[in-house]
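See below for the structure under consideration.
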Amino acid sequence: MSTTSATVARPVALQGPIRWLKKNLVGTWYNALLTVLGGAFTFFVLRGVLRWVFLVADWAPVANSLKLFAVGQYPPDQLWRVGAIVFMVSFCFGLSGCVWGGTVRTFALTLALVFGTSALLPISMGLSLRLWFLANPVLVFIGYQVGRTRIGKSGWVVLGWLLSLVLTIVLLTGFKGVSWLPGVETGSWGGLLLTFLLALVGIVASFPIGVLLALGRQSSLPVLKAFCVLFIEIVRGVPLVTILFMASIILPLFLPEGFRIDRVLRAMMGMTLFAAAYMAENVRGGLQAISLGQVEAAKAVGLNRFHTMALIVLPQALRLVIPAIVGQFIALFMDTTLAVIVGLLELLAVGRAVLEINVEWKLLNMEVYIFIAAVFWVFNYAMSYASRRLETTLGVGQR
Amino acid sequence: MTEDNATHSFTEDMIICRDVHKWFDDFHVLRGVSLTVKRQEVIVICGPSGSGKSTFIRTINRLEEHQQGDIIVDGIELTHDIRNIEAIRREVGMVFQQFNLFPHLPVLQNVTLAPIWARKWPKAQAEETAMQLLERVGIPEQAHKYPAQLSGGQQQRVAIARALAMQPKIMLFDEPTSALDPEMIKEVLDVMRELAHSGMTMIVVTHEMGFAKEVANRIVFFETGNIVEQNRPEEFFAHPREERTKEFLSQILTH
């Protein structure tokens, strides 16, 4: 293949940010007009917002109730357990960041940064709290260093996370009668701690169940298929509120005397099953998009049905539906607010309760709700960002 | 091992098809096809589109199910028993018109996937064999690229390497060059020619008559669901017996 001898260099004049600004913002008269109008609008809105946030708003209900927002009514003398759990999470993030790199490392760094700056905030907090905040970036760093040793393999990291999950449950619930780890009623879990727990269990459990439902729905075994279709259509057809309501009120009527399912467990089960049904349909959409040629090629090369599904079809199908699945996760995170139906005080319910504490605070609902919205937004954006990075890593849309 | 394709005597029956019928709903696509393919024979199947030739070779590895008749591949009868089907699929490799490479895996993993999971080979052995095959088809340097980054001819050669990785006894080709442009057709046909000369039993559905003349031991002409005529290439092109064969040849050899 011959190359032309005279290669033409790309004209530099068309590149560069200044050129872009000139071309797109003030190129024509209507562009310039829109720029001015847009700029003025942005300026006034920003000024209004910033003035309200820093000068007008009274953040007393938020600032004074941070502990309630964070962990609800968890007994204050047992909060060291929540602190220990966060230590474990920081360590695991450091470890994962080293072994898996990329987005995970960004998250670990962000976590360390957020905790570090929180330690230095000029608001009043006890010395132990400041030290706790500072200890977390240190743990992230330690985790990172451990990742560089021989333990730094994917298998160990996954094991570490699973162990953390188990320890979290153990630490949070405790045991009746043990003096140094007394039992804590799950009813007193609340705030962001509870929201995280419900969302995490819901997300992690609904994904595999959803995939299995989707595969079962397209199975050739009639009973399995019928069950999956029925489950999906019934669960999708009723509001989450109804499912939680049924789990909370109707389910105990069917259970034998004295046998009670824990409230948090009820909420988790309801949310998991609800999300699994939606997940199943998302995954089914992805499965349908895989061309038959892929399955034929897999068959022709001697792979059995299980291998075809696990190695060829599912990896491609799941890549395609990452946006839909992550959207589902984000919706689930926000649906945890409905746990109040089951009598649990998650983040939003704590917000409403905080407003009742003080007569003066009753008028400050804007501050409280905006704070809650901001907290939700931060975590939802983190999930959204992670999913975009995941898509880039997997080469979605490029291969 | 080279052989003169006109006078080699073949002994073992690799594929025996007896009176194979297939219907797609009410459409009778295969109407009693009987064909025997011997070890190391290279068969080229040609015919007008819609004649059932692709459907026929797809019944051999059960990508299509035949409703009547017998198919016996390497001594294993093709029935509803999934173990027979899987055993046959391990011995029969297939190359598709649309390549059907696995886009989410690099080229090397495309080739090693089946030996690792279906034949339970250790990874190192599978990768060594895969690199040898990629060299054999002429593209060892592409091993770590993704299929989307390769040209059509390179992708089809990877598909051939992938099929060969399972060390099949029979290779089926379903119009392997129909989706390629002329420059790339040659590179793929070269690989197929080398494969034929190395002694592989092959059934090739193609319109490439030059390839057929050069490499095939037997040319089979298919029309409306059955074999109209089959013969050695020289005889087939020089002295076609049936009217329909003559008509077909006049159409394809003069455009």
**Message:** Computing the accessible area with a 1.4 Å probe over protein heavy atoms, can you report the carbon and sulfur percentage for the protein assembly as shown?
**Reply:** 64
**Asked** Among B:Met202, A:Gly16, A:Asn64, whose Cα sits farthest toward the positive end of the charge dipole of the protein assembly as shown (+1 at Cβ of Lys/Arg, -1 at Cβ of Asp/Glu, about the Cα centre)?
**Response** A:Asn64
**Request:** Taking a probe of 1.4 Å and counting only protein heavy atoms, give the total accessible area buried between chains B and A in Å², rounded to the nearest 100.
**Result:** 1900
**Request:** With 28 Å as the limit, write out which pairs from B:Lys123/B:Lys169; B:Lys120/B:Lys145; B:Lys53/B:Lys246; B:Lys169/B:Lys213; B:Lys38/B:Lys123 have Cα-Cα distances beyond it, or answer none.
**Result:** B:Lys38/B:Lys123
**Asked** Which whole-angstrom value gives the distance between the alpha carbon centres of the stretch A:234-266 and the stretch A:48-121?
**Response** 32
**Message:** Run the helix sum for chain B: -39,500 (n - 2.57) per DSSP H stretch of 4+ residues, divided by residue count, reported at 222 nm to the nearest 500 deg cm²/dmol.
**Reply:** -11500 deg cm²/dmol
**Item:** Cα lying deepest toward the dipole's positive end in the protein assembly as shown, options B:Ala114, A:Trp361, B:Val228, charges on Cβ
**Value:** A:Trp361
**Item:** Debye, to nearest 20: dipole size of the stretch B:1-145, +1 on Lys, Arg Cβ, -1 on Asp, Glu Cβ
**Value:** 340
**Item:** Coil-residue GluC sites (Glu not before Pro) of the stretch B:33-92, DSSP, other Cβ within 10 Å capped at 15
**Value:** B:Glu65
**Fill in**
Which residues qualify? For B:Ile45, with a placed amide H closer than 5 Å and at least 5 residues away or on another chain, they are B:Val204, B:Val205, B:Thr206, B:Val220
**Request:** Using a 10 angstrom cutoff on alpha carbons, build the Gaussian network for chain A and name the most mobile of A:Ala247, A:Ala310, A:Ala108.
**Result:** A:Ala310
**Prompt:** Could you give the dipole magnitude of chain B about its Cα centre, charging the beta-carbon of Lys and Arg +1 and that of Asp and Glu -1, in debye to the nearest 20?
**Reply:** 540
**Fill in**
the stretch A:141-289, convex hull of Cα, quarter of hull surface, nm² -> 13.9
**Asked** Rounded to the nearest whole Å², what accessible area per residue is found for chain A with the 1.4 Å probe?
**Response** 58
**Item:** Whole-Å distance, taken between Cα centres, linking the stretch A:294-327 and the stretch B:16-90
**Value:** 27
**Complete:** Full extension between A:Ala9 and A:Glu257 adds, at 0.36 nm per residue less the Cα distance, a length in nm of 81.0 nm
**Fill in**
Out of A:Ile169, A:Leu95, A:Trp80 - ranked by how far each Cα lies towards the positive end of the dipole of the stretch A:59-182, with unit charges on the beta-carbon of charged residues - the top one is A:Leu95
**Item:** Computed lengthening from B:Gln149 to B:Ala179, 0.36 nm per intervening residue step minus Cα-Cα distance
**Value:** 9.1 nm
**Fill in**
In whole µm²/s, the translational diffusion coefficient that Stokes-Einstein assigns to the stretch A:88-179, given a Kirkwood hydrodynamic radius over C-alpha pairs, 37 °C and 0.692 mPa s, equals 231
**Request:** Quickly work out the B:Arg244-to-B:Glu12 label distance, labels modelled 7 Å from Cα along the C-beta direction, and quote it in nm with one decimal.
**Result:** 3.4
**Complete:** The whole-number value in µm²/s of the Stokes-Einstein translational diffusion coefficient for chain A, with Rh from the Kirkwood sum over alpha carbon pairs at 4 °C and 1.567 mPa s, is 52
**Asked** Taking the convex hull of the alpha carbon atoms in chain B, what volume per residue do you get, in Å³?
**Response** 134
**Item:** Most mobile listed residue (A:Leu33, A:Leu109, A:Leu345) in chain A, GNM with C-alpha springs under 10 Å
**Value:** A:Leu33
**Request:** Compute from the Cα atoms of the stretch A:246-330 the Rg and the Dmax, the latter being the longest Cα-Cα distance, and quote both in angstrom.
**Result:** 19.1, 57
**Item:** chain A, dipole about Cα centre (Lys/Arg Cβ +1, Asp/Glu Cβ -1), debye to the nearest 20
**Value:** 1340
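The values are calculated or read from the model by the stated rules, or taken from the named source; none is laboratory data. Predicted model, so just to flag it, every value in this text is computed and none were measured. Glycine gets a Cβ as well: all are built from the backbone with ideal geometry, and neighbour counts include every protein chain shown. Keep in mind that these areas ignore ligands, DNA and RNA; they rest on the heavy atoms of the full protein, side chains included. Shrake-Rupley method; radii C 1.70, N 1.55, O 1.52, S 1.80 Å.
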